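Asks: Here's a structure for you.
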Amino acid sequence: LFLEHLYFHYRRYLAISSNRKPIAAPNNLQGIWNNLGRQASHNVWNSDIHTNINIQMNYWPTEVTNLSDLHKPFLNFIIRGAQSEGWKKVAQQYNNGSPGWSVMTESSLYNSMSTWGSNYLVANVWYTSHLWTHYRYTQDKEFLRKAFPVMWSCAEFWFHRLKSVNGEYLAPNEYSPEHGPSGEDGTAHAQQMISYLFQNLKDAIDILGAN
């Protein structure tokens, strides 16, 4: 049990030390301690903001361990990014000119992205789940009002992207991070996340009112 106790506090320390810094920016794939663009010659990963589970895992401990303020660098990054031309362009390019926004697996602080993992577009939904989680823990309605347009425009993207197959709506050509398969319709991960987004939107409307 001591190891579990130590590991819990160590993880909390990492969240604190990688978010309390002069620049209000989310931590990245290799944290703030890597001073190289590539960590080593044998390591293919960049110090990017990796959207297919890594950045999400970095911030899972914040709300549940009473570090809600340290979630904000990531939350603000999401809200800014959803308003950027870069993230909107992803929706237009990969979803036949649809409204809304999405973000690629490899992205940067400046809303630039690579095309690696271009079929993982449900990253936008996973991002919005962090906005909703922050509201659930803080009950901050002003934050929810700021987050709601981001959640709504994410849903708009999926209103246009989901395809109807035998009476069911499926997320096309998706990927389950760190698991697979790649490029299949209706992967469990994508379906569950999108359903969660729609439920969160309904709950947010009930809280904020129709206006």
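Asks: Quick check on the stretch 145-152. Is at least one of its residues within 20 Å of the chain's Cα centre (by Cα) and among the β-branched types (V, I, T)?
Replies: So far as the stretch 145-152 goes, yes, one or more of its residues are within 20 Å of the chain's Cα centre (by Cα) and among the β-branched types (V, I, T).
Asks: Those residues that are among the small types (G, A, S) and touching a Ser or Thr at 6+ places or on another chain (Cβ under 8 Å), I need them from the stretch 150-181; list them, please.
Replies: Just the residues of the stretch 150-181 that are among the small types (G, A, S), to begin with: 153, 155, 164, 167, 171, 176, 180.
Residues satisfying the conditions are A171, S176.
Asks: Out of the residues in the stretch 81-102 that are assigned to a helix (DSSP H, G or I) and without any contact (Cβ under 8 Å) to a residue 24 or more places away in the chain, which is nearest to F159 (Cα to Cα)?
Replies: The qualifying residue nearest to F159 (Cα to Cα) is Q92.
Asks: Condition test on E142, is it under 23 Å from E63 (Cα atoms), more than 17 Å from the chain's Cα centre (by Cα) and not polar (S, T, N, Q)? Can you show your working first?
Replies: Details: under 23 Å from E63 (Cα atoms): yes; more than 17 Å from the chain's Cα centre (by Cα): yes; not polar (S, T, N, Q): yes.
Criteria met by E142.
Asks: Of the residues that make up the stretch 64-74, is at least one more than 16 Å from T138 (Cβ to Cβ), part of a loop (DSSP other than H, G, I, E, B) and open to solvent by 10 Å² or more (accessible area, probe 1.4 Å)? Step through it out loud before you land on a result.
Replies: As a first pass, look at the stretch 64-74 and keep what is more than 16 Å from T138 (Cβ to Cβ): none.
Checking the stretch 64-74: not a single residue is more than 16 Å from T138 (Cβ to Cβ), part of a loop (DSSP other than H, G, I, E, B) and open to solvent by 10 Å² or more (accessible area, probe 1.4 Å).
Asks: Need pairs with beta-carbon distance below 9 Å; first residue over 14 Å from L67 (Cα atoms) and within the stretch 1-23, second of a type in the set (A, V, I, L, M) and surrounded by 10 or more Cβ atoms within 10 Å (Cβ to Cβ); sequence gap 6+ or separate chains.
Replies: These pairs meet every condition: K21/I32; I23/L109.
Asks: Are there any pairs with C-beta distances below 6 angstrom linking a residue in the stretch 159-179 that is within 21 Å of Q199 (Cα to Cα) to a residue that is assigned to a loop (DSSP other than H, G, I, E, B) and open to solvent by 30 Å² or more (accessible area, probe 1.4 Å), with the two at least 6 apart or on different chains, and if so which?
Replies: Close Cβ pairs satisfying both conditions: Y169/L162; L170/D185; P172/D185.
A quick yes/no check of all residues on (1) at pLDDT 80 or above; (2) of a type in the set (S, T, Y); (3) open to solvent by 50 Å² or more (accessible area, probe 1.4 Å); (4) closer than 16 Å to E178 by Cβ:
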{"residue": "N27", "(1), (2), (3), (4)": "yes, no, no, no"}
{"residue": "G31", "(1), (2), (3), (4)": "no, no, no, no"}
{"residue": "N34", "(1), (2), (3), (4)": "no, no, no, no"}
{"residue": "A40", "(1), (2), (3), (4)": "no, no, no, no"}
{"residue": "I53", "(1), (2), (3), (4)": "yes, no, no, yes"}
{"residue": "N58", "(1), (2), (3), (4)": "yes, no, no, yes"}
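Asks: Open to solvent by 70 Å² or more (accessible area, probe 1.4 Å), among the hydrophobic types (A, V, I, L, M, F, W, C) and at pLDDT 90 or above - does that describe any residue in the stretch 4-18?
Replies: yes
Asks: Hey, L131 hits all of (1) modelled with pLDDT of 95 or more; (2) farther than 19 Å from S102 by Cα but one; which does it fall short on?
Replies: Status for L131: all satisfied but (2).
Asks: When you scan the stretch 83-100, do you find a residue that is closer than 21 Å to D203 by Cα and surrounded by 23 or more Cβ atoms within 10 Å (Cβ to Cβ), even just one? It would help to see each step written out before you state the result.
Replies: Initial filter on the stretch 83-100 (closer than 21 Å to D203 by Cα): 100.
From the residues that got through so far, the ones that are surrounded by 23 or more Cβ atoms within 10 Å (Cβ to Cβ) too are 100.
Yes.
The values are calculated or read from the model by the stated rules, or taken from the named source; none is laboratory data. Please read these numbers as outputs of a predicted model, since none were measured by experiment. Here Cβ is always computed from backbone atoms with ideal geometry, including for glycine, and neighbour counts include all displayed protein chains. Heavy atoms of the whole protein, side chains included, go into the accessibility calculation; ligands, DNA and RNA do not. Shrake-Rupley method; radii C 1.70, N 1.55, O 1.52, S 1.80 Å.
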